[in-house]
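All remarks here apply to the structure that follows.
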Amino acid sequence: MRVLMIGPPGAGKGTQGALIAAHYNVPHIVMGDVLRDHVARRTELGRGVQTLLDRGELVPDEVILDLVRHALIAARTAGGGYVFDGVPRTMAQARAGYQLARELGMVAHVALQLQADDEHLVRRLLARAAIEHRSDDAEEVIRRRLALYHQVTQPILAWYTQRGILVTVDATGPAKQVGREVLTVLEAIRPLPARAS
Ligand code: ADP
């Protein structure tokens, strides 16, 4: 099973993505974690993107696509399935990511949209900020990340609708309930055995 998680910050992509990855036994690739790991290890890439992450701005598409290419190749070796969280976030990433995936025989079966309204998301993210101390969970940075989601990421959804792979789940309920709904919709579109991965 190959899934792209799309949703605003705070919608629960991480939690639900982990659930899906465990359920289908596929790698869970969390782009925010990959980037934060580079920052923590002070790699050249990490030093280059730290300020962008702290401000809630997007990392350049070329940097993301290079990481996506590596992740896709590793996922192919690991059995061919994946859950991507946090990618694509721009139309350019969506299109170039699709080309990369096609070349590797790794095109997504589902784009799973987690939906929730902004005020709900801000409340959740501020609560998380109190626990996790992420550098980008201050209220003005949260609002910037949400604005970017609406401007830059949301337009991609229409493209997935056209391709017939978009599925939307209401993410406002408790995590367990959202998780049950997510697995129910994914089971309904599980790839045919010949392509199952
Ligand atoms: P959230 O979805 O809660 O905003 P993430 O952990 O997914 O947080 O991402 C954190 C930050 O990492 C983003 O604000 C952005 O700076 C960077 N980032 C993650 N994924 C991408 C991407 N696909 N394109 C550009 N920047 C990204």
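The values are calculated or read from the model by the stated rules, or taken from the named source; none is laboratory data. Note that the coordinates shown come from a computational prediction; the quantities given were computed from them, not determined experimentally. Cβ placement follows ideal geometry from the backbone for every residue including glycine, while neighbour counts extend to all protein chains displayed. Heads up: the accessible areas ignore ligands, DNA and RNA and are worked out on the full protein's heavy atoms, side chains in. Shrake-Rupley method; radii C 1.70, N 1.55, O 1.52, S 1.80 Å.
Per Stokes-Einstein, at 4 °C and 1.567 mPa s, what whole-number D in µm² s⁻¹ belongs to segment 9-124, with the Kirkwood radius over Cα pairs as the hydrodynamic radius? Mind showing how you got there, number by number?
Values: Rh = 15.1 Å.
Estimated via Stokes-Einstein, D reaches 86 µm²/s.
Rg to Rh ratio, the chain, alpha-carbon atoms and Kirkwood radius?
Details: Rg = 16.1 Å, Rh = 17.1 Å.
Over the Cα atoms of the chain, Rg/Rh equals 0.94.
Quick one: among 77, 172, 15, which has the greatest mean-square fluctuation in a GNM of the chain with alpha-carbon springs under 10 angstrom?
77
For the charge dipole of the chain, defined by +1 on Lys and Arg C-beta atoms and -1 on Asp and Glu C-beta atoms about the Cα centroid, which residue among 5, 78, 159 has the Cα displaced farthest towards the positive pole?
Farthest along the dipole direction, towards plus: 78.
Using the Cα centre of the chain as the reference point, and only Cβ charges (+1 on K/R, -1 on D/E), how large is the resulting charge dipole? Debye, rounded to the nearest 20.
On the way: 24 positive and 21 negative charges, 94 e Å.
Using only the charged Cβ atoms, the result is roughly 460 debye.
Any idea of the accessible area per residue across segment 80-194, 1.4 Å probe, to the nearest Å²?
Working: 5810 Å² over 115 residues.
Each residue of segment 80-194 exposes 51 Å² on average to a 1.4 Å probe.
Using Cα springs under 10 Å in a Gaussian network model of the chain, which residue among 86, 46, 14 shows the largest mean-square fluctuation?
46
Quick check on segment 61-103: what does the Kirkwood estimate of hydrodynamic radius come out to from the alpha carbon pairs, in Å?
Values: mean 1/r = 0.0957 Å⁻¹.
Mean inverse Cα-Cα distance, inverted, gives 10.5 Å.
Using Cα springs under 10 Å in a Gaussian network model of the chain, which residue among 68, 34, 87 shows the largest mean-square fluctuation?
34
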